[in-house]
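> Below you'll find the structure I mean.
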Amino acid sequence: MDHHIRAPWRTACGALVLVFTALCVQARHHNLQNEGEAGVFDYYVLSLSWAPTYCLTHTDDGAECSGKGYGFVLHGLWPQYESGGYPERCDSQFQLNAEAASKGTTIYPSERLMQHEWQEHGTCSGLDPLHYFLTADRASAVVKIPQALDSPPREQILTPSQIVDFFRGANHGLSGDAITLACSRGGLSEVRICLTKDLAPRSCGRGVHTSCPAAPVRLPASR
């Protein structure tokens, strides 16, 4: 083969090898991110769900929505990667037992949510179920609910920045980049606080951001 023909051919082959290698690395990273390894993560996200918004579309969930008067409830404590994404449903040496489940039902609004959170996120914490639930309970205690948002009897209309300011006012040292909000159908659905493994507030990693519009959002009244 002529030298002038071989050179472009080698260049093209080299480029294909680089592309294939990049795709393999990307696929491996994707698999690691979604499968994860128990205990291998960088920080937690504490998710507090605004129960009245959830209950508007889940009236069949009697455990959480049958006139309990809930405002914010523990949704979950989620291991996260600094670079973005999170592990889920990790292989764990631990099984959810009766002692752990008994504790879990005291901190989550429903048994179904408790079981889901252990399988989806707790298995990736590296902790056994009881200590994972105890850690989630301590994480919830770290964050104080602002008085104005503590199960208010009337619907409120607030901007996301107002909600963030309420939380920062109630929690000394909570920086603006440690808290994000999630909304659903024009209403607040969750407040998420980023915490170190020692449960101290910290800046959120890549990909953890507010999904609410800048416009005011509804906070349905507790029921």
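> What is the packing order of peptides 213-220, 190-197, 102-109, taking the mean over residues of other C-beta atoms within 10 Å and listing the highest first?
So the order, starting with the most tightly packed, is 190-197, 102-109, 213-220.
> Right, next: Sort 200-209, 126-135, 51-60, 89-98 by packing, meaning the average of other beta carbons within 10 Å per residue, with the highest value first.
Top to bottom by mean Cβ count within 10 Å: 126-135, 51-60, 200-209, 89-98.
> Now, a different point. May I ask you to list the aspartates and glutamates whose Cα is less than 14 Å away from that of K144, ignoring any residue fewer than eight positions away on the same chain?
Filter leaves D165.
> Set Lys and Arg Cβ to +1 and Asp and Glu Cβ to -1, take the dipole of segment 171-214 about its Cα centre, and tell me which of V191, N171, V208 lies farthest positive.
My answer, from the dipole projection, is V208.
> Considering only the other residues whose Cβ falls under 14 Å of the Cβ of L130, what net charge follows from Lys and Arg at +1 and Asp and Glu at -1? List each step's numbers first, then the result.
Details: positive: K103, R138; negative: E99, E117, D128, D137.
Taking every other residue near L130 into account, the sum is -2.
> Which value in nm describes the separation of the simple spin-label points at R168 and S211, placed 7 Å from the Cα toward the beta carbon?
Simple spin-label model gives 2.3 nm for this pair.
> According to the square roots a ≥ b ≥ c of the eigenvalues of the Cα gyration tensor, what is the shape class of segment 36-219, taking rounded for a/c under 1.5, prolate for a/b larger than b/c otherwise, and oblate for the remainder?
Working: a/c = 1.84, a/b = 1.26, b/c = 1.45.
Because a/c hits 1.5 or more and a/b fails to exceed b/c, segment 36-219 counts as oblate.
Throughout, read-outs are computed from the coordinates displayed, never taken from laboratory work. Everything numeric in this text was worked out from a predicted model, so none of it was measured. Here Cβ is always computed from backbone atoms with ideal geometry, including for glycine, and neighbour counts include all displayed protein chains.
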